[in-house]
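Take a look at the structure set out below.
FYI, it's all coordinate maths here, none of it is from the lab. Everything quoted here is computed from the prediction, not taken from an experiment. Cβ placement follows ideal geometry from the backbone for every residue including glycine, while neighbour counts extend to all protein chains displayed.
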Amino acid sequence: MEHKIGRAAREIRIKKGIKQTFVSEKLGFKSPSSYTDIEKGRRGLSADKVPLLADALGVSVEELFFEHKVRKM
C-alpha cells in the first residue's frame, strides 16, 4: 500500500506542477530525498503524515488511495 500512495502522490504532484521540495517541507522532512524515497516506494509514510501529504498536494486523503481525476490548483 505504501508504494501505491507514493505513486499516486508523484502523479498528482507532477500533474499539478508541485515541487518535491515543497511537499518535503510540508511533511517536515529535513531533506527532499526523504520524500523522493516515498514516491519511489523505498520508504513508507506514517499514518500521521498522510493528511499532511494530501493537504500539500491539494487533494483529499481518499484521492491518495483511490484513482480520481486530478484537478489543477
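Per DSSP H run of at least 4 residues, take -39500 (n - 2.57); add these up for the chain, divide by its residues and hand me the 222 nm value, nearest 500 deg cm²/dmol.
-16500 deg cm²/dmol, from helical runs alone.
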Kindly provide the Kirkwood hydrodynamic radius of the chain in Å, to one decimal, from all pairs of distinct alpha carbon atoms. 11.8
Pop a pseudo-label 7 angstrom from the Cα along the beta-carbon direction at both residue 55 and residue 26 and give the gap in nm to one decimal. 1.0
Say each of residue 15 and residue 66 gets a label point 7 Å from the Cα, pointing the same way as Cα to Cβ; how far apart are those two points in nm? 1.5
